[in-house]
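This report refers to the structure that appears directly beneath it.
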Amino acid sequence: MPDNDVSQSSGSRDSNSSSSTSSTSGSYDEYRDLGEAAWSWVLDQVREDDGPWLPETVSEEGEEGGPAKDRDCLYAGIAGLAPVLAEIALHRPLTDRERALADGIVARLSAVARQRTEPSLYDGLAGDVTALRLLQPGSESVALRRLAELAGPDGWRTTLDFEKGSDAPLNDIIMGTAGVVLTAVWAGGEYAESIAATGCEALLRVADRTEAGLDWGIGATTEWRAPNYSHGTAGVASALAVAGAALGRDDFVEAAERGARHVLSVGLLDDGGFVVPHTIPPSKREVEPLTYTWCHGPAGTSHLFTALAHAGVTEVSGLGVGELRQRCLTSILTSGVPRRLRPGFWDNDGRCCGTAGVGDVLLDAAQDSPHGDGSESDGARTLVQGARVMGDALVERAIRDEAGARWRFVEYRQEQPLLPPGTSWMQGAAGIAAYLLRLARFGGAGAEAAVVDRPDQWWAVPERLRTTVS
């Protein structure tokens, strides 16, 4: 499931919304109220058919089909409600309705994981692991066992038909081996070491050698590259670094550093920042050449440098990894995000490809850089201001009525560019609600606010703040 290419920007119908360099105006209570309204709307969309399911979008006409094939996935399905419920549980006690939903998700995913063959983080078993561990720690073992059973010498066969007619393993975080590796290390347990080692060894075998280092495409025959975090070398190298640290495998860490060298070789270090092209060559996809998102921009790619730091790497090509993370953040804060500067620049407010995902990365970084006494540094205050600008944009763009709150993204290349509101974790109101509620909690607890960590970002925040650490 390549991330939706409405994905390439984040969204507003108002070209005059606040930029990331402007002053903030929203209150933390306003973020909390809007997050609750968005969650209320999502909760009302949950349906029941052999367990809970969620329509990915909701049309104005109220048309509704049955559950989609990917009804259980983390990206757009019921597993994606698990991190929202985990966030809500930090915010207030779950209601009876919410506890019943959590129980239903655990029951559904525990059952389907026994027969599932798709391995990936955002559309398969690794996503099941994520949801189960967040909702009922220990229950994820059924999905981890299944991943161990399905592992082959070259990793895990895909069911997603990304490269038509091929079931060969994919490499990336969203659909491939890197996401499985990260999930295994995050979850731990008796199967984690074998899953992570199998995955990393498979990634090393399929790496492309470049003049600068190592490079990975999404699949074995992918002609173009998406070198940032979700589908490219930045994400694969992050997985190798994290697994290398966990397993004591210097070869994995060395490969991660070589991957980072390649990422640096195709990026731009102008004006104190760091950005990497969305797609190489750019003619392969009709998108902005540079984006600033979690999926294809410096928000996600900043995780590469925290992963390297976690693995003990101090510099890449003569630049400190801490400096490179800060350069990514600088590029975000000076980009104009979240304003819609032109059609296609910022047409999406979701976690994967837009405003909420950027805000979450800024908060991670802010909480990873306080003074020793728990107060905020000047750099952290700048990051918090940026996170609040993202929250203010979400407040401004929300559609609110008696049903709750939701957002409509824009696909400028379509005849009818305004898309129906989405429900999901990565492309809809569920993920946005979780960000707004986290931002509101941060307003009360500050730099020591707990963080609902996930497989693809846990090393970017201090261990003492992570909710899954026992």
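Of note:
- Of the residues Ala245, Ala255, the single one that is open to solvent by 20 Å² or more (accessible area, probe 1.4 Å) and assigned to a helix (DSSP H, G or I) is Ala245.
- Top-ranked residue of region 431-470 - restricted to ones that are in contact with a His (Cβ under 8 Å, 6 or more places away or on another chain) and not in a helix (DSSP H, G or I), ranked as nearest to Ile173 (Cα to Cα): Asp456
- Residue match in region 235-256 (condition: closer than 30 Å to Leu341 by Cα, in contact (Cβ under 8 Å) with a residue 24 or more places away in the chain, touching a Ser or Thr at 6+ places or on another chain (Cβ under 7 Å) and not aliphatic (A, V, I, L, M)): no
- Looking only at region 258-282, and only at residues there that are over 21 Å from the mean Cα position of the chain (by Cα) and farther than 16 Å from Thr330 by Cβ, the one that is least open to solvent (accessible area, probe 1.4 Å): His262
- Gly336, sole failed condition from (1) under 20 Å from the mean Cα position of the chain (by Cα); (2) closer than 23 Å to Gly391 by Cβ; (3) of a type outside the set (Lys, Arg): (1)
- Which numbered condition Arg342 misses (of (1) open to solvent by 40 Å² or more (accessible area, probe 1.4 Å); (2) under 22 Å from Glu257 (Cβ atoms); (3) without any contact (Cβ under 8 Å) to a residue 40 or more places away in the chain): (2)
- Taking the conditions (1) in contact with a helix residue (DSSP H, G or I) (Cβ under 6 Å, 6 or more places away or on another chain); (2) at pLDDT below 95; (3) assigned to a loop (DSSP other than H, G, I, E, B); (4) of a type outside the set (S, T, N, Q) in turn, Ala380 satisfies each one other than (3).
- Exactly one residue among Leu121, Leu144, Leu109, Leu134 is in contact (Cβ under 8 Å) with a residue 60 or more places away in the chain and either open to solvent by 40 Å² or more (accessible area, probe 1.4 Å) or part of a helix (DSSP H, G or I) (or both), and that residue is Leu134.
- Arg397 vs. criteria within 21 Å of Leu362 (Cα to Cα) and either at pLDDT 95 or above or more than 22 Å from the chain's Cα centre (by Cα) (or both): yes
The values are calculated or read from the model by the stated rules, or taken from the named source; none is laboratory data. Being a predicted model, the structure only gives us computed values, none of them experimental. All Cβ positions, glycine included, derive from the backbone under ideal geometry; neighbour counts span all protein chains shown. Note: areas computed on protein heavy atoms with side chains; ligands, DNA, RNA excluded. Shrake-Rupley method; radii C 1.70, N 1.55, O 1.52, S 1.80 Å.
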